[in-house]
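Peer 1: Shown below is the structure under consideration.
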Amino acid sequence: MEVMDYALFPTRVVTIQFQDTEPLNAELCDLLERRPELDDRFNMHPEALNLLRLADTVPAIEQLSSMFINGAKRWLEAEGIAGLEGIDLLLFSNRMGRGDFTIVHNHPADLIGIYYARTAVSHRPPIHPNDGEDYFEAGDGVLVLHDPRFNANLTAVCPRDHVRVFPHPGLMLIFPAYVWHSVTPHRGEFHRLAFSMNFTLRWPAGPEEQYPLK
């Protein structure tokens, strides 16, 4: 008897816990506090101002950009993806006050990166493979990744249709942009601060682009 076990079409999520990020996080939090043009309305329209435009004058943004690019490279290597011509980047903030949350959404890109500069205190690992808690047990500013398979929650075959991520300062996640995700309400009196990077992959021009039909 031959038994084969294939886990087909999984969603790869790469997590990176950076060390000694306190100075970086403090500078990023201070940036959002003292720059009125980067207020909360920016969260809803990230294309209005790409924070990467500040990289030449704000060292923390330049450092954060390098960290995101390193994270994307690790995700691409893990998936065996090569041959890219380049990557287009869009960096924006997500600053939450008490009671703020983010509805379920995805991003118009290929990959998403999230970096946490200030979060609620949690002693749990970011992702626990056997997290069996109820979906509606919100947590404090918890990121919820939803199974991208249509109606995955309607079958008992799948053990779960979502994964909860417990943020920590200095934590970065990289995952496909098609994955629907949300953030549960923030309960703290301080501003919770995360940064998101949209990665759009660019490929070399193919024959149909080099020789367009007329």
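Peer 1: What nm distance separates the two modelled labels at residue 22 and residue 74, each placed 7 Å from Cα along Cα→Cβ?
Peer 2: 2.2 nm
Peer 1: About its Cα centre, what dipole magnitude does region 14-203 give when the only charges are +1 on Lys and Arg Cβ and -1 on Asp and Glu Cβ, stated in debye to the nearest 20?
Peer 2: Details: 16 positive and 25 negative charges, 28 e Å.
I would put it at about 140 debye.
Peer 1: Still on this structure: Among 102, 57, 21, 119, rank each residue by its count of other Cβ atoms within 10 Å, from fewest to most, as a rough exposure measure. Write out the running numbers ahead of the final one.
Peer 2: Details: 102 18, 57 8, 21 21, 119 24.
Fewest to most other Cβ atoms nearby, the residues stand as 57, 102, 21, 119.
Peer 1: While we're looking at this one, here's another question. Roughly what would the spin-label model give for residue 187 and residue 85, points 7 Å off Cα along C-beta, in nm?
Peer 2: For the pair residue 187/residue 85, the computed spacing is 5.0 nm.
Peer 1: What ranking of 203, 75 emerges when the number of other C-beta atoms within 10 Å of each C-beta is taken as an exposure proxy, fewest first?
Peer 2: Ordered from fewest to most neighbouring Cβ atoms within 10 Å, 203, 75 come out as 203, 75.
Peer 1: Report the rotationally averaged projected area of region 14-203 based on its alpha-carbon convex hull, in square nanometres.
Peer 2: 11.6 nm²
Read-outs: derived from the displayed coordinates by stated rules, not from any lab. Treat the numbers as computed from the prediction; the structure is a model and nothing was measured. Please note: Cβ atoms are built from the backbone with ideal geometry, for glycine as well, and neighbour counts cover all protein chains shown.
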